[in-house]
Amino acid sequence: MKILLSVLCFATSLAVAQAASYTVTLDANQEANPTGGRTGSGIGNLTLSGNTLSLSITFSGLSGIFSADHIHGPAAATPATTAGVLYSLAGITTTSAGGHAGTISGNVTLAAGTGGFDLATQLNQLNSGLWYVNIHTSASAPSPGFGGGEIRGQILPVPEPSALALAGLGLSGLWVWRMRRRAG
């Protein structure tokens, strides 16, 4: 029984140590001022392993020409709430369709002190859904461009059902062990 309990505890700890997953959906309606001809949308997945955040995001249909993209935070998931830039995504973004579409694919290393926050605080903000991706554009007739951001999307954590299942298995094993101990 001790071996079974040890195996269950080990399996549960492996599930907890897995990389954390996040999702992001970008659109004009999430911008602080969504009016004025903003278009475009995007979708993507992010994975955090240690202090490395891996991004895989696609976007298209921008009214202006892509000019910059960033991760901002901390800010609540309401369009009126904005925040400063935490991490630039320059260097991991490629564009196509004349700058009206593109991909963000690569890694960002989270660093202590960014935005004035230690690493633990940043991780708490990220896991609480307080960071967002913002894509900025410059003018492209007839669009005036949106230097403050054309599309935006909140980064939201994805629940890990495997971790919950393993935790439940571990608790079940502990319950069985206690029941056998009481009976014996």
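The values are calculated or read from the model by the stated rules, or taken from the named source; none is laboratory data. These figures come from a predicted structure and were not determined experimentally. Backbone-built Cβ (ideal geometry, glycine too); neighbour counts: all protein chains shown.
Scan region 79-105 for residues that are touching a helix residue (DSSP H, G or I) at 6+ places or on another chain (Cβ under 9 Å) and among the hydrophobic types (A, V, I, L, M, F, W, C) and jot them down. Those that are touching a helix residue (DSSP H, G or I) at 6+ places or on another chain (Cβ under 9 Å) and among the hydrophobic types (A, V, I, L, M, F, W, C): A83, V85, L86. Restricting attention to region 124-136 and to residues that are in contact (Cβ under 8 Å) with a residue 24 or more places away in the chain and part of a helix (DSSP H, G or I), the residue that is surrounded by the most Cβ atoms within 10 Å (Cβ to Cβ) turns out to be L126.
With respect to I43, determine if the residue is in contact (Cβ under 8 Å) with a residue 12 or more places away in the chain and crowded, with 16+ Cβ neighbours inside 10 Å. No: the conditions fail for I43. Kindly evaluate T47 against the criterion of being more than 23 Å from G147 (Cβ to Cβ), out of contact with any Pro (no Cβ under 6 Å at 6 or more places or on another chain), assigned to a helix (DSSP H, G or I) and not aliphatic (A, V, I, L, M). When the stated conditions are applied, T47 does not pass them.
Checking G91, G113, G98 one by one, the residue that is more than 18 Å from the chain's Cα centre (by Cα), surrounded by fewer than 18 Cβ atoms within 10 Å (Cβ to Cβ), on the phi > 0 side of the Ramachandran plot and free of Cβ contacts under 8 Å to residues at least 12 places away in the same chain is G113 and no other. Which one is nearest to A20 (Cα to Cα) among residues in region 74-88 that are within 17 Å of the chain's Cα centre (by Cα) and of a type in the set (S, T, Y)? Taking the candidates together, the pick is Y87.
Condition check ((1) in contact with a Ser or Thr (Cβ under 7 Å, 6 or more places away or on another chain); (2) aliphatic (A, V, I, L, M); (3) closer than 21 Å to A139 by Cα) across all residues:
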site: I65; (1), (2), (3): yes, yes, yes
site: A76; (1), (2), (3): no, yes, no
site: V85; (1), (2), (3): no, yes, no
site: T95; (1), (2), (3): no, no, yes
site: T109; (1), (2), (3): yes, no, no
site: L126; (1), (2), (3): no, yes, no
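Scanning region 9-57 for residues that are at pLDDT below 95, within 15 Å of A101 (Cα to Cα) and of a type in the set (V, I, T) gives a single hit, T39.
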